[in-house]
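Beneath this line is the structure, given in structure tokens, with notes to follow.
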Amino acid sequence: MNLPYKQYKALLPILAVLLFLLFAAGCGYHFRGTGKPVGLQIEGLAIPLMESTSSSLGFEGDFTRIIRQEFASHARFPLVSREKASTVLIGKVYDIKTDPYTYNLTQTMVAGEKTNYSTTSARWLKIKLDVKLVDRKTGKIIWHDKKMEEETTFAVGTDPLANRYNERRAVQQIARSLAQRIYLKTMERF
């Protein structure tokens with residue numbers, strides 16, 4: 001069968017998509033949307049309060065709540081107390097710090113001389129987490145990531161309450177991102 005050049009050219013995208021689908025189906029990888037982990041039986045999961053060595057207290061509850069919500073909304077096994085759990089997710093925030101991100105520079109005359117004052121208008125928030133999934137009965141570590149980290153920025157100004165609010169929202173944003181990674185690491189284990 002001889003096709004004119006225009007018809008042949010029109011079929012190329014369709015052929016490319018078909019070849020891609022055949023390749024993807026043959027490579028062995030697939031997403032698992034069942035809410036059950038790959039190669040692991042979890043009858044109940046406990047997620048105790050995240051620990052922290054940081055002097056910045058109060059965010060541990062937010063972290064724990066957000067991670068629990070991630071599992072509760074997607075997984076097909078119950079979140080239970082530690083005593084009833086087959087597996088336990090243990091996390092510890094070992095580093096939380098903020099660094100200046102952007103500055104505002106103000107030039108002022110002091111005693112007849114120009115002086116520059118810099119004030120921070122946004123800060124980096126960086127959080128490092130040590131997290132592991134443990135089989136409660138045997139004590140065997142199923143997976144362990146000692147250096148899970150995430151960062152984001154938040155605005156700062158002259159109002160300390162607004163600054164605290166912005167920082168807390170940044171912590172929650174980081175917690176959501178880490179919760180998704182923890183969930184995928186538990187369910188897909190890659």
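The values are calculated or read from the model by the stated rules, or taken from the named source; none is laboratory data. This is a predicted model, so every value here is computed, not measured. Note: ideal-geometry Cβ built from the backbone for every residue, glycine included; neighbour counts use all protein chains shown.
Here are some notes:
- Candidates are the residues of segment 140-176 that are over 23 Å from Thr53 (Cβ atoms) and not in a helix (DSSP H, G or I); the one that is nearest to the chain's Cα centre (by Cα) is Thr153.
- Glu60 touching a helix residue (DSSP H, G or I) at 6+ places or on another chain (Cβ under 9 Å), among the charged types (D, E, K, R) and touching a residue at least 12 places away in the same chain (Cβ under 8 Å): no
- Of the residues in segment 81-102, not one is modelled with pLDDT under 90 and in a helix (DSSP H, G or I).
- Any hit, segment 142-159, residues being more than 19 Å from Gly58 (Cα to Cα), of a type in the set (Lys, Arg) and surrounded by fewer than 17 Cβ atoms within 10 Å (Cβ to Cβ): yes
Per-residue answers, yes or no, for (1) out of contact with any strand residue (DSSP E or B) (no Cβ under 7 Å at 6 or more places or on another chain); (2) more than 19 Å from Ala75 (Cβ to Cβ); (3) in contact (Cβ under 8 Å) with a residue 60 or more places away in the chain:
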| position | (1), (2), (3) |
| --- | --- |
| Tyr117 | no, yes, no |
| Ala122 | no, yes, no |
| Ile127 | no, yes, no |
| His144 | no, yes, no |
| Thr158 | yes, yes, no |
| Gln172 | yes, yes, yes |
| Gln180 | yes, no, yes |
| Leu184 | yes, no, no |
| Glu188 | yes, no, yes |
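- Arg76 meets the conditions (1) under 21 Å from Glu43 (Cβ atoms); (2) buried (at least 17 other Cβ atoms within 10 Å of the Cβ); (3) touching a Lys or Arg at 6+ places or on another chain (Cβ under 7 Å); (4) not hydrophobic (A, V, I, L, M, F, W, C) in every case but one. The failed one is (2).
- When each of Ala170, Ala162 is tested for being at pLDDT 90 or above, in contact with a Ser or Thr (Cβ under 6 Å, 6 or more places away or on another chain) and surrounded by 12 or more Cβ atoms within 10 Å (Cβ to Cβ), the lone residue that passes is Ala170.
- Of all residues in segment 50-80, those that are β-branched (Val, Ile, Thr), within 16 Å of Met148 (Cβ to Cβ) and in contact with a strand residue (DSSP E or B) (Cβ under 9 Å, 6 or more places away or on another chain) total 3.
- Qualifying residue in segment 107-123 (condition: at pLDDT 90 or above and not polar (S, T, N, Q)): yes
- Residue that is nearest to the chain's Cα centre (by Cα), among those in segment 81-104 that are more than 16 Å from Glu149 (Cα to Cα) and surrounded by 16 or more Cβ atoms within 10 Å (Cβ to Cβ): Leu89
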